[in-house]
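Data block below; observations after.
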Amino acid sequence: MSDTMQPVSISPRPAPARSSRPSIDAAAARQAIRAAEVALLDERRQLTAEELDVLAHVPDESVPSLAALAHEVRLGSCGPEVEVEGILSVKTGGCPEDCHFCSQSASFDTPVKATPFLDTDEVLAAARETAELGASEFCIVLAIKGPDERTMDRIMELVPIIREDTGLNLAVSAGILTDDQARRMAEGGVHRYNHNLETARSHFSKVVTTHSWEDRQHTCELVRQNGMELCCGVLLGMGESVDQRLELLSELRAVEPTEVPINFLNPRPGTPLADAPVVGALEAIRWIAMFRLALPTVILRYAGGREITLRELQALGMTSGINALIVGNYLTTLGRTPTEDLQMLEDLHMPIGVLSKVI
Ligand code: SF4
């Protein structure tokens, strides 16, 4: 080695999620992918739970074929446009809940400290920046269990101001809602409400103990019943098995989301999941494709963790079923610069557009 050469350091390949059965062989994988293509593109029907189970077990060599089908399904169901969204944490940290992945929980000693609700001017400035990027959605996020009356008033005051100033569609993420709160948000102009299922019902109590999976599901139902679009995300990489990811897919189908943000765990210092291994890049591509094949018409959004999980494969995710992006920074972690993301879309010939559910 010359004086100027440095030793090359490559991240080791993380172990994939546990499964109760082995991968199928390449010939069976080809057959399963072809059958899925006929079902989704010719017969225009949803894949069954059994078909999804087989696809989740194709070998690594077949993941590019799975991804190629997912891309075709996305183009056929949603078109080539990509929806761009900015998110802003308007009330950060100090959350009474104990979600084991979250650095905003007051239960853990993390570097994220509680800060009060941002001023209207600060929120408006961020919304204007988001609009300048060509985005169509702006989501204001609060680290709370659910809104109290004062918080409801602040949210309902902000929504029309931002909408009228920027023309952006407003999304809100403010935790668990009552029926009355969901109605007031819908009437007040909230276009989409974010409430994640995060993980499968059977895994939920391992990562959250202060509220139940059913609490989350109930809010998801209220959002739709009151006429808002439901944005219902997931967080992969919290120790869930392949079977539990498949369970989550069927649970997501049941709440009928307009949008599904896919987050990959970015382990946060001080949280119980601080030392969890990150999801491998190829495994992430496999599951992006699986989400598209299970949910052909949803807006499938790249959310947190894609930078550390996918690294150079981020563009490949865009051709594996993703059709929406969060640009800029996430709630407590830094994302790529918006310019890098917009360049990626330009390079892929993917126009930025406004999307809504195509069913
Ligand atoms: S994920 Fe949301 S509810 Fe859970 S601790 Fe973090 S901010 Fe609170």
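What follows is calculated from the coordinates using simple rules that are stated; it is not laboratory data. Since the model is a prediction, treat every value here as computed from it, not as a measurement. So basically every Cβ, Gly included, is an ideal-geometry build from the backbone, and we count neighbours across all protein chains shown.
Points to keep in mind about this one:
- Relative to the current alpha-carbon distance between Thr115 and Val354, full extension at 0.36 nm per residue lengthens the span by 82.8 nm.
- Amide H within-cut-off set for Ile299, under 5 Å, with H built and near neighbours excluded: Glu259, Val260
- Qualifying trypsin sites (Lys or Arg not before Pro) in the range 54-141, where qualification requires a DSSP coil assignment and no more than 14 other C-beta atoms within 10 Å, comprise Lys113.
- Using the alpha-carbon positions of the range 82-166, Rg (one decimal) and Dmax (whole number) come out as 14.0, 39 Å.
- Expressed in units of 2.2 N^0.38 Å, where N is the residue count, the Cα radius of gyration of the range 26-76 is 1.04.
- Dimensions of the chain along the principal axes, based on C-alpha atoms and rounded to the nearest Å, stand at 61, 59, 41, largest first.
- Using the Cβ-Cβ distance between Ala125 and Asp347 with R0 = 25 Å, the FRET efficiency computed as 1/(1 + (r/R0)^6) comes to roughly 0.25.
- Between helix 242-255 and the chain: long-axis angle, C-alpha atoms, 0 to 90°, nearest 10: 50 degrees
- Structure-based [θ]222 nm, the chain - -39500 (n - 2.57) summed over DSSP H runs of at least 4, per residue, nearest 500: -12000 deg cm²/dmol
- Relative to the longest principal axis of the Cα atoms of the chain, the long axis of helix 281-294 makes an angle of roughly 80 degrees.
- Each label was represented as a point 7 Å from its Cα along the Cα-to-Cβ direction; for Glu72 and Ser107 these points are 4.5 nm apart.
- Calculated from the alpha-carbon coordinates, the range 213-272 shows an Rg and a Dmax of 13.0, 38 Å respectively.
- Whole-angstrom gap from the range 97-121 to the range 284-320, using each part's C-alpha centre: 27 Å
- Here the Karplus curve 6.51 cos²θ - 1.76 cosθ + 1.60, taken at θ = phi - 60°, turns the phi angles of the range 69-82 into couplings of 5, 4, 5, 5, 5, 4, 5, x, 8, 10, x, x, 5, 10 Hz, with x standing for Gly and Pro.
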